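The structure appears below as structure tokens.
The values are calculated or read from the model by the stated rules, or taken from the named source; none is laboratory data. As the structure is a computational prediction, the values presented were derived from the model and not from experiment. Here the Cβ positions follow ideal geometry from the backbone for every residue, glycine too, while neighbour counts run over all protein chains shown.
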Amino acid sequence: MTRQNLTNLAAFGSFALLAGAYLFQAIGYPPCQMCYWQRWPHMAAIAIGVLVVFIPARALAYLGALATAITSSIAVFHTGVERGWWEGPSSCTGGGLDATNGADLLSLSGDKLIMCDQVSWSLLGLSMASWNAVFAFGLTLIWLAAARKQ
């Protein structure tokens, strides 16, 4: 495969993962704060993929790899929070309830607090965050292969 083909594949992979996240959101699985954090690097990887079309620089492929490595790392951290391996941000884990009162929890108006330490969907024992970690790591390898191509 050529560098351009590899970068197209990697950028499309981030697009597909991001589209999947928005699809899950549309069908009733609202994202937590850490889910949003995982989306930003995917957006950056897509933008880098578009840039590579016009500026075929090796450095851009390394930036794409960095973006997907960041989202994979955030997803690994999120998975650890979901599994109770370590604490997550107090704003969206069990500790985040300290900052709310009963009226906030029972309110039907406004945004719901989506907990980062709760798994809302899983497949084969892996949550959405876990799957994002796996696939984003694979995309990192594709970006690195593109960077190494002549």
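Assorted remarks:
- Candidates A65, A75, A61 - the one that is closer than 18 Å to W37 by Cβ, surrounded by 21 or more Cβ atoms within 10 Å (Cβ to Cβ) and at pLDDT 80 or above: A75
- Hits in region 3-48 - residues which are surrounded by fewer than 17 Cβ atoms within 10 Å (Cβ to Cβ), hydrophobic (A, V, I, L, M, F, W, C) and without any contact (Cβ under 8 Å) to a residue 60 or more places away in the chain: F12, F15, A16, A19, L23, A26, I27, W40, M43, A47
- Residues that are modelled with pLDDT under 95, among the acidic types (D, E) and more than 19 Å from F24 (Cα to Cα) do not occur anywhere in region 112-128.
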